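Visitor: Let me give you the structure first, and then I'll get to my questions.
The values are calculated or read from the model by the stated rules, or taken from the named source; none is laboratory data. Predicted model only: the values in this text are computed from it and were never measured. FYI the Cβ positions are ideal-geometry reconstructions off the backbone, even for glycines, and counts take in every protein chain you see. Side chains are part of the model used for accessible areas, which takes the heavy atoms of the whole protein and leaves out ligands, DNA and RNA. Shrake-Rupley method; radii C 1.70, N 1.55, O 1.52, S 1.80 Å.
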Amino acid sequence: AVVSTQSGHYGRGGMVAPEELGGPGMGYLAYAVAMEEISRGCATTGVIMSVNNSLYLGPLLAHGTHQQHLDYVSPYLDGTHIGCFCLSEPGNGSDAGAASTIATKTESGYSISGSKAWITNGYESEACIVFATTDKALKHKGISAFVVPKRMDGVSLGKKEDKLGIRGSSTCVINFDNCDIPEENLLGKPGMGFKIAMSTLDGGRIGIAAQALGIAQASLECAVSYAQQRNAFNKPISRLQTIQNKLADMESRIWSARLLNWHAARLKDEGHRFIKEAAMAKLVASETATFCAHQAIQVLGGMGYVSDMPAERHYRDARITEIYEGTSEIQRLVIAGNLLKEMEE
């Protein structure tokens, strides 16, 4: 909570929020640069920031009413409050259209029942963007989005997950048991939920790519520092060609991913179509993070395998970047689908 407040104080709680709502009014390119630098120091802080910026504030800024902006955006910009994004369920992951959480129409609004899984910021957040089915017959076109304060009756939390990496942020199941919300908490129009979720994830991938780049850069710096200090064969191992090859590959991949992510961010800032580019950036950056963390441990040898050095933490933190906000396999489907569509035009 302290880290979140400090980040919010410097304008990182809602970097793309407009000035009239209390935000700094920055773009996604600035957001990508800041996200990478923060994640270079702490990937956990990076994902807390990413979820609040991209997944919580993103759909509210794009589809929220003026009153929703006042109630659920402005108070979430300075780090004293953070939000979360409730899409995945225990029975679905990549198949986001198979939502079993139900929102039943009532006289005053909706009653939500169901469970959402793998929710980052689950314990610390004070409001959720929740996706629930309002019309089963319409399948994914019958999913709607809602903003739900966690203080509402019927909302409960599951246990904190014991994770491989990113251990400083909470991840849990959030349960909704006949949670009654007013009509004005509907985000966008009924049936728009799936489109809102997909467009939100498109932008979120720029943030996760930046987080992955921060992990990759930290891994490279750890490897270089160790290689310059560790002597073997009467010289620093940084002068050995095998080590230099590893460092060169790490640096080249990082800059390739970084420039791709900046390109996607620039396209979004300028109002151009960026779905394919964001997917490419997320795919390449996340796999670069895993590659660089792996190579850093190889450079450090046994020292890379123990917690005395940060290399093993980078290795654990990197792995999730290929999974959340769309697995690498999903990114390839998005890239290929958009490529084929472009070639047909």
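Visitor: How big is the gap, in Å, between the Cα center of the stretch 85-134 and the Cα center of the stretch 163-228?
Guide: Their Cα centres are 15 Å away from one another.
Visitor: On a 0 to 90° scale, report how tilted helix 328-344 is relative to the longest principal axis of the chain, with both axes built from alpha carbons and the result rounded to the nearest 10.
Guide: Once rounded, the angle reads 80 degrees.
Visitor: Within the set of other residues whose C-beta is less than 15 Å from the C-beta of Y305, count the net charge using Lys and Arg as +1 and Asp and Glu as -1. Please report the intermediate quantities before stating the final value.
Guide: Details: positive: R230, R313, R316; negative: D308, E312.
Local charge sum for Y305: +1.
Visitor: Further question on the same structure: Rolling a 1.4 angstrom probe over the protein chains, ignoring ligands and nucleic acids, what is the accessible area of M192 in square angstrom, nearest 10?
Guide: Its heavy atoms expose roughly 60 Å² to the probe.
Visitor: Near I237, within a Cβ-to-Cβ distance under 11 Å, what is the net charge of the other residues, with Lys and Arg +1 and Asp and Glu -1?
Guide: Numbers: positive: R230, K235, R239, K246; negative: none.
Summing Lys/Arg as +1 and Asp/Glu as -1 gives +4.
Visitor: Let me ask something else about it. Return one quarter of the surface area of the convex hull spanned by the alpha-carbon atoms of the stretch 6-79, equal to its mean projected area, in nm². Present the calculation step by step, with values, prior to reporting the outcome.
Guide: Working: hull surface 16.9 nm².
Mean projected area of the Cα convex hull: 4.2 nm².
Visitor: To the nearest 500 deg cm²/dmol, what mean residue ellipticity at 222 nm is calculated for the chain from DSSP H runs of n ≥ 4 alone, each contributing -39,500 (n - 2.57), summed and divided by the residues? Could you put the intermediate results ahead of the total?
Guide: Numbers: 10 runs with 161 residues, N = 345.
My calculation for the chain gives -15500 deg cm²/dmol from helical runs alone.
Visitor: For the chain, divide the Cα radius of gyration by the Kirkwood radius and give the resulting Rg/Rh value with two decimals. Walk me through the numbers before you get to the answer.
Guide: Numbers: Rg = 20.9 Å, Rh = 20.7 Å.
Using only Cα positions, Rg/Rh for the chain is 1.01.
Visitor: Provide the net charge surrounding A117, with neighbours chosen by a C-beta distance below 14 Å and charges set as Lys +1, Arg +1, Asp -1, Glu -1.
Guide: Numbers: positive: K116, K159, K160, K163; negative: E89, D95, E161.
Value of the local net charge: +1.
Visitor: Once you treat every alpha carbon in the stretch 212-345 as an equal point and sum by Debye, what is log10 I(q)/I(0) at q = 0.11, 0.18, 0.20, 0.21 Å⁻¹?
Guide: Taken in order of the listed q values, log10 I(q)/I(0) reads -0.46, -0.93, -1.06, -1.12.
Visitor: Report the per residue volume, in Å³, of the convex hull enclosing the C-alpha atoms of the stretch 279-345. Before the final figure, lay out each step's value.
Guide: Details: hull volume 4.7 nm³, N = 67.
Looking at the stretch 279-345, the number lands at 71 Å³ per residue.
Visitor: For the chain, set up a Gaussian network in which alpha carbons nearer than 10 Å are linked by springs, and say which option among N175, N92, N245 fluctuates the most.
Guide: Most flexible of the set in this elastic network: N245.
Visitor: GNM on the chain, C-alpha springs below 10 Å: top fluctuator among Y76, Y28, Y226?
Guide: Result: Y226 has the largest fluctuation of those listed.
Visitor: Over the chain, what relative contact order in percent results from Cα pairs under 8 Å that are six or more residues apart? All intermediate terms of the calculation are to be shown ahead of the outcome.
Guide: Numbers: 696 pairs, mean separation 58.9, N = 345.
Value for the chain: 17 percent.
Visitor: Using only the heavy atoms of the protein chains and a 1.4 Å probe, how would I82, I330 rank by accessible area, largest first? Mind showing how you got there, number by number?
Guide: Values: I82 15, I330 45 Å².
Largest to smallest exposure gives the sequence I330, I82.
Visitor: Let me ask something additional. Tally up the carbon and sulfur contribution to the accessible surface of the chain as a whole percent, 1.4 Å probe, everything protein left in place. Don't skip to the answer; put the middle values down first.
Guide: Working: 8570 of 15820 Å².
It is 54 percent, rounded to a whole number.
Visitor: Next question. Per residue, how much accessible area does the chain have with a 1.4 Å probe, in Å²? Mind dumping the intermediate values first?
Guide: Numbers: 15820 Å² over 345 residues.
Value returned for the chain: 46 Å² of accessible area per residue.
Visitor: Normalising by the residue count of the stretch 72-173, find the relative contact order in percent from Cα pairs under 8 Å and 6+ residues apart.
Guide: 28
Visitor: Quote the Stokes-Einstein diffusion coefficient, in whole µm² s⁻¹, for the stretch 132-181, based on the Kirkwood radius over alpha carbon pairs, a temperature of 25 °C and a viscosity of 0.890 mPa s. The partial results should precede the final answer.
Guide: Working: Rh = 13.2 Å.
Answer from the Stokes-Einstein relation: 185 µm²/s.
Visitor: Mind checking which of G301, G142, G13 has the largest fluctuation in a GNM of the chain, springs on alpha carbons under 10 Å?
Guide: Highest fluctuation among the options: G301.
Visitor: Let me ask another. What number does the stretch 124-259 give for Rg over Rh if you use C-alpha atoms and the Kirkwood radius? Intermediate values should be presented prior to the final figure.
Guide: Details: Rg = 23.4 Å, Rh = 19.3 Å.
Checking Rg against Rh, the ratio lands at 1.21.
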